[in-house]
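Inspection log for the structure reproduced underneath, given as structure tokens.
Every number here is computed from the coordinates shown, using simple stated rules; none is lab data. From a predicted model like this one, the values you see are computed outputs, not experimental measurements. Because the Cβ atoms are built from the backbone with ideal geometry, glycine has one as well, and the counts that use them run over all protein chains shown.
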Amino acid sequence: MDLGLDVTQRDRWTVLAVSGEVDVATAPRLREQLVQLVNEGHHHLVVDLEGVDFLDSTGLGVLVGALKRVRLQDGELTLVCTQPRIVKVFDITGLSKVFTLHESVDSAVAA
């Protein structure tokens, strides 16, 4: 399955909607997009994972790297994730304590 990446702006937040599978084959594209956004000065990011069917450890590593990169710029990175199988990945790895998980882009932007 292909990886979809769609960037929109909501107030001071840049929203990256991700769809498809985030795995060893597609994670480099996600990494490139996130690095590009931070380099362009987008330091308040919402990564919307609602369209993601599969997320592996490579994808998690990309998100952790992006979080570190954004924090170096005094920014924030938050996630939209409600799918039980994806939330479970964050819970099992302990990353649900590192990332803020929101139920919608609206709630992420309002937080």
Of all DSSP beta bridges in the chain, what percent run antiparallel (nearest 5)? 30
Give me, ordered by chain and number, the residues 5 or more places off GLU50 or on other chains with an amide H under 5 Å from its own placed amide H. VAL18
Which ordering of ILE86, ILE92 is given by a fewest-first count of other beta-carbon atoms within 10 Å? ILE92, ILE86
Helix-derived mean residue ellipticity, 222 nm - over the chain, DSSP H n ≥ 4, -39500 (n - 2.57), to 500: -12500 deg cm²/dmol
Return SER96, SER104 ranked ascending by Cβ neighbour count within 10 Å, so the fewest neighbours appear first. SER104, SER96
Could you tally the net charge around ARG12, taking each other residue with its Cβ under 15 Å from the Cβ of ARG12, Lys/Arg +1 and Asp/Glu -1? -4
Only loop residues by DSSP count here, and only those with at most 11 other Cβ atoms within 10 Å; note down the trypsin sites (Lys or Arg not before Pro) in region 2-48 that meet that. ARG12
Scalar couplings 3J(HN,Hα) for region 4-13 by Karplus 6.51 cos²θ - 1.76 cosθ + 1.60 (θ = phi - 60°), nearest whole Hz, x for Gly and Pro, are x, 10, 10, 9, 9, 10, 10, 6, 8, 9
In the list (1) 14.8; (2) 13.7; (3) 17.8, the entry giving Kirkwood radius over Cα pairs in Å computed from the coordinates is (2)
For VAL15, distant residues with modelled amide H under 5 Å away: THR8, GLN9, ARG10, VAL46
Summing Lys, Arg as +1 and Asp, Glu as -1, what charge do residues with Cβ under 15 Å from the Cβ of ASP53 carry, ASP53 excluded? -4
